[in-house]
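Accompanying notes for the structure given below.
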Amino acid sequence: MKIVVAMDSLKGSVSSEDANRAIAKGLRLAGGMDIHQVPIADGGEGTVAALVSAHKGTLVHVNVTGPLGKPVKATYGLIKKGTTAVIEIAEACGLPLLKKEELNSISTTSYGVGEQILDAAGKGCTDIIIGLGGSSTTDAGIGMLQALGFQFLTDTGSSAGYGGRSLKHISVIDSSNVHPSLEKVCFHVACDVTNPLHGPNGAAFVFGKQKGAGPQEIAALDEGLKHFSSLASKQLGIDLQSIPGSGAAGGLGAAFTAFLHSPLLPGVDYILTELGLREMLHDADVVITGEGKLDGQSSMGKAPSGVAKLAKQFGSTVIALAGDVSDADKSLHEIGIDAYFSIVPGPVTLEKAMESDSATHNLTRTGEQVGRMLLLSMKTKDYTRSNQHSGGHH
């Protein structure tokens, strides 16, 4: 029986690679299976690790400007003989870089993302895969663009400054000093949100609160995003608001499409293709996937849903495992997950359940039990077949 283990990370708890390893260990305890592991991601956290692991690439560490202007160490990946970089924007401007009391979506900047891009371009990368997700910014990507040489000027010709608060002061977009290395770079932006740049479903109103913005700040950010959108329309002839996903990562989606000429790609499908999952699944009997929490959102563009849809094309059985399945519903079965289980054995605090050692142990234990169940189903099938066979000779 060929089993492919393709778990996403259990965010804040266990990486994709470690989750796969733990489940494979459990399956081996049950015995009698051909087990293959594919670390996966959907364009968010874990994308660099998954692609570097799949392609046997290398990691690069670089000091860049963090979301509040202080230096942070960001990690990105080099794959395909160093021709392709894999960058998660959260490494330079992500929510995890800030303490709760530091969250400040009015002034956080995406400048460090541009510095990562320049570092990769300087190493000769001609393709850059970008994972949009987990940003602490709502600056429409101007910070990233400023690092790349774009200038955003006020009506007096001075710099409008950094962060979301500066958007409403921009009168002129100047692209005359853009870094020449960008001409040779093709961007592939993995994005799984379809929010527009501004308005009730835009970057500020939907994501501003979790980035530390209060009601007045959210309204001010939305005004800034709207102003920036109308300026881009007048000066560049691009309607940012009509691009699905332009509001992703605080408007970085808009910056990539309008200024770096990169279409936004359905994140999970693109990343799973890059990981070579299709080739791995074509003769798989069972696929085990999952993430930290399975719910209605899991059926909409998350990694397990992408795995399940792909596995169903080859007729594989799909089992999903997660820490929390309390909000899971029939939509998971509709996308191809045949059965889902929680790995948590009994009443326990969320903190305890999310401890890395605890979650790893629970994944292994559940993996063994799933393996035993699969072996049992094989024995049942064999028994039924042999009975039918002997029945045919009477």
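The values are calculated or read from the model by the stated rules, or taken from the named source; none is laboratory data. Everything numeric in this text was worked out from a predicted model, so none of it was measured. Neighbour counts are summed over all protein chains in view; Cβ atoms, including those assigned to glycine, are modelled from backbone coordinates with ideal geometry. Note: areas computed on protein heavy atoms with side chains; ligands, DNA, RNA excluded. Shrake-Rupley method; radii C 1.70, N 1.55, O 1.52, S 1.80 Å.
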request  = Once you have a ≥ b ≥ c as the square roots of the Cα gyration tensor eigenvalues for the stretch 256-346, tell me rounded if a/c is under 1.5, and otherwise prolate or oblate according to whether a/b is larger than b/c.
outcome  = oblate
For the stretch 214-367, average projected area of the Cα convex hull in nm² = 12.5 nm²
request  = Determine the sum of side-chain charges near Lys184: Lys and Arg each +1, Asp and Glu each -1, restricted to other residues whose C-beta is under 15 angstrom from that of Lys184.
outcome  = -2
request  = Give the whole-number value, in cubic angstrom per residue, of the convex hull volume spanned by the C-alpha atoms of the stretch 301-357.
outcome  = 105 Å³
key: Amide H partners (placed H, <5 Å) of Ile35, local residues excluded   = Ile3
request  = Quick one: what are the phi-derived ³J(HN,Hα) couplings along the stretch 122-129, Karplus 6.51/-1.76/1.60 with θ = phi - 60°, whole Hz, x for glycine and proline?
outcome  = x, 8, x, 5, 9, 10, 10, 8
task = Return, for the Cα atoms of the stretch 38-174, the radius of gyration and Dmax in Å, separated by a comma.
result = 15.5, 54
remark   = Rg/Rh of the chain (Cα atoms, Kirkwood Rh), to two decimals, equals 1.05
note = the stretch 54-168: relative contact order from alpha carbon pairs under 8 Å, six or more residues apart, as a whole percent, is 26 percent
request  = Quick one: grab the alpha carbon gyration tensor of the stretch 8-80, order the square roots of its eigenvalues as a ≥ b ≥ c, and give me rounded if a/c is under 1.5, else prolate or oblate depending on whether a/b is larger than b/c.
outcome  = prolate
Local electrostatic count, Ala320, Cβ distance below 15 Å [Lys/Arg +1, Asp/Glu -1] = -4
request  = Starting from the amide H of Gly69, placed 1.01 Å from N in the peptide plane, find each other amide H under 5 Å away whose residue is 5 or more places distant or on another chain.
outcome  = Thr109
note = Karplus ³J(HN,Hα) for the stretch 309-317 (6.51 cos²θ - 1.76 cosθ + 1.60, θ = phi - 60°; Hz, whole; x = Gly/Pro) runs 4, 5, 4, 5, 5, 10, x, 7, 7
request  = Would you work out which of Thr317, Tyr340, Ser166 lies farthest towards the positive end of the dipole of the chain, given +1 charges on the beta-carbon of Lys and Arg and -1 on that of Asp and Glu, about the Cα centre?
outcome  = Thr317
key: Whole-number accessible area per residue in Å² for the chain, which is evaluated in the context of all protein chains at 1.4 Å   = 44 Å²
note = Most packed first (mean Cβ within 10 Å per residue), the peptides 245-258, 163-176 order as 245-258, 163-176
ask   = Whole number please: convex hull volume per residue of the Cα set in the stretch 100-161, in Å³?
value = 104 Å³
query = Tell me, what is the 1.4 Å probe accessible area of Lys80, in Å² to the nearest 10?
reply = 90 Å²
task = Determine the share of the chain's accessible area contributed by carbon and sulfur atoms, expressed in whole percent, with a 1.4 angstrom probe.
result = 54 percent
ask   = Scattering from the C-alpha atoms of the stretch 105-238 alone, worked out with Debye: what is log10 I(q)/I(0) at q = 0.09, 0.19 1/Å?
value = -0.27, -1.17
request  = Report the percentage of all Cα-Cα pairs in the stretch 253-304 whose separation exceeds 19 Å, rounded to a whole percent.
outcome  = 48 percent
request  = Assign one of three labels to the stretch 167-290, namely rounded, prolate or oblate, based on the Cα gyration tensor with a ≥ b ≥ c the square roots of its eigenvalues; rounded applies when a/c is under 1.5, prolate when it is not and a/b is larger than b/c, and oblate otherwise.
outcome  = oblate
task = Can you tell me the dipole magnitude for the chain around its Cα centre, using point charges on the Cβ only (Lys, Arg +1; Asp, Glu -1), in Debye to the nearest 20?
result = 580 debye
key: Residue among Ser305, Gly367, Thr65 farthest towards the positive dipole end of the chain, charges placed on Cβ   = Gly367
key: ³J(HN,Hα), Karplus 6.51/-1.76/1.60, whole Hz, each residue of the stretch 104-120, x for Gly, Pro   = 7, 5, 6, 10, 5, 10, 9, 3, x, 5, x, 5, 4, 4, 5, 4, 5
task = Give the ranking of Tyr76, Tyr111 by solvent-accessible surface, highest area first, calculated with a 1.4 Å probe.
result = Tyr111, Tyr76
ask   = Using a 1.4 angstrom probe with every protein chain in place, what is the largest-first accessible-area order of Asp139, Asp285?
value = Asp285, Asp139
